[in-house]
Amino acid sequence: MSHLESGLIRPDTGRSWLSQFGNWLIDLIFPPVCSCGRVDYHFCAGCLKELLRFPLESRIVSGEALKGLASTGIYDGILENAIRSFKYDGVTGLDKHLAERLQRTYEQTHWSIDLIIPVPLAEKRLGERGYNQSEMLGARMSKDCGIPCRSDFMRRIRETDQQARLSGEQRMANVRNAFEASDAVKGLAILLIDDVVTTGSTLNECARALKRAGARAVYGLTVGRA
Ligand SMILES: [Zn+2]
C-alpha cells in the first residue's frame, strides 16, 4: 500500500530534477489540499480507500450516432473528487483505479470492440495540462483488456470552448464538426473513452466523425456521468 500511496500523494508531472524541484517548491509555498480537506496531500490514502470502495453503478444506454453509451457511476462524491484530481491536479497515479472501473463496466456491456479511441483534448487544454486524461485512461484500459488503443486516429480540427461553461444546446453547436477521424477506422467497431459524459454532445460528435470515416459501429464509455 505504501508505494501506492506515495504515488498518489504528489502528482507525477515530470521526472527531471528541475521539475521535481519546481513541484517541491510550489508545494512548499502553496501546500496541496486533498478534496477531503487534508493538507499536504493531492489525493490522500483515506480518499483512495473510499474510491476503491465506491460501488460500480454502471448504466448502459443506446444513443444516436453512438450505438451504446456506458458509464461506471454518477459524477459525484469521491468519484468526482478522484476525476478532478486526476484531470486538474496531475494525480495521474489514479489512472489504474479509474481504468479498472471502465474495464469492469465494459465487461457488463457485452459489446464487441476492435479498437479503443480516447476523446481528443483541445490543443490549448493539452498545452496547459500537459496530458490528455482520456488518452491515459484508454491506454491503461488497453493494457488491461488487450484491445488496441489509438489516439492518433482522431483529432480536433478546430478550437472549441470549454463544454463545462455551456448549456446543452450551446454544447452541441460548440463541438459540431470539430473532429476528424482517420480512414484507418473503416469497418471497425470503436470504443470511445472519456472521463465524464454530461449531455453526450462531445461523444456523439466524435461518433459522427468516426462514422463519416467508415467505422462500422461506435460505442462510448466514461468513468462518470454528470
Ligand atoms: Zn483526502
Original post:
For region 139-147, does any single residue satisfy the condition of being surrounded by 20 or more Cβ atoms within 10 Å (Cβ to Cβ) and either within 12 Å of the chain's Cα centre (by Cα) or closer than 21 Å to T199 by Cβ (or both)?
Top reply: yes
**OP:** Tell me which residues, restricted to region 100-131, are outside any helix (DSSP H, G or I) and under 12 Å from the mean Cα position of the chain (by Cα).
**Re:** I117, P118, V119, P120, L121, Y131
Original post:
Listed residues R158, R171, R150; which is crowded, with 20+ Cβ neighbours inside 10 Å, farther than 30 Å from N23 by Cα, out of contact with any Lys or Arg (no Cβ under 6 Å at 6 or more places or on another chain) and not small (G, A, S)?
Top reply: R171
Subject >> Among the residues listed as D76, D95, D89, the single one being closer than 18 Å to E50 by Cβ and modelled with pLDDT under 90 >> reply: D89
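Does D95 fit the bill of being closer than 14 Å to G224 by Cα, out of contact with any Pro (no Cβ under 7 Å at 6 or more places or on another chain) and charged (D, E, K, R)?
Here the answer is yes, as D95 does meet what is asked.
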Original post:
Taking into account only those residues within region 100-118 that are without any contact (Cβ under 8 Å) to a residue 60 or more places away in the chain and among the acidic types (D, E), which is farthest from Y219 (Cα to Cα)?
Top reply: E100
Original post:
For region 8-99, which fully contained helices (runs of 4 or more DSSP H) count at least 1 residues that are within 16 Å of the ligand (Cβ to nearest atom), touching a residue at least 40 places away in the same chain (Cβ under 8 Å) and over 20 Å from V223 (Cβ atoms)?
Top reply: 45-53
**OP:** Determine the pairs where a residue that is touching a residue at least 24 places away in the same chain (Cβ under 8 Å), located within region 215-226, has a partner that is among the acidic types (D, E) with Cβ atoms under 6 Å apart, the partner being 6 or more residues away or on another chain.
**Re:** T222/D194; V223/D195
Original post:
Could you say which residue among S142, S134, S151 is polar (S, T, N, Q), assigned to a loop (DSSP other than H, G, I, E, B) and either modelled with pLDDT of 95 or more or touching an Asp or Glu at 6+ places or on another chain (Cβ under 9 Å) (or both)?
Top reply: S151
Original post:
So which of A122, A189, A226 ends up being within 19 Å of V61 (Cα to Cα), surrounded by fewer than 21 Cβ atoms within 10 Å (Cβ to Cβ) and in contact with a Lys or Arg (Cβ under 6 Å, 6 or more places away or on another chain)?
Top reply: A189
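The values are calculated or read from the model by the stated rules, or taken from the named source; none is laboratory data. This structure is a prediction, so every number in the text was calculated from the model and none was measured. Please note: Cβ atoms are built from the backbone with ideal geometry, for glycine as well, and neighbour counts cover all protein chains shown.
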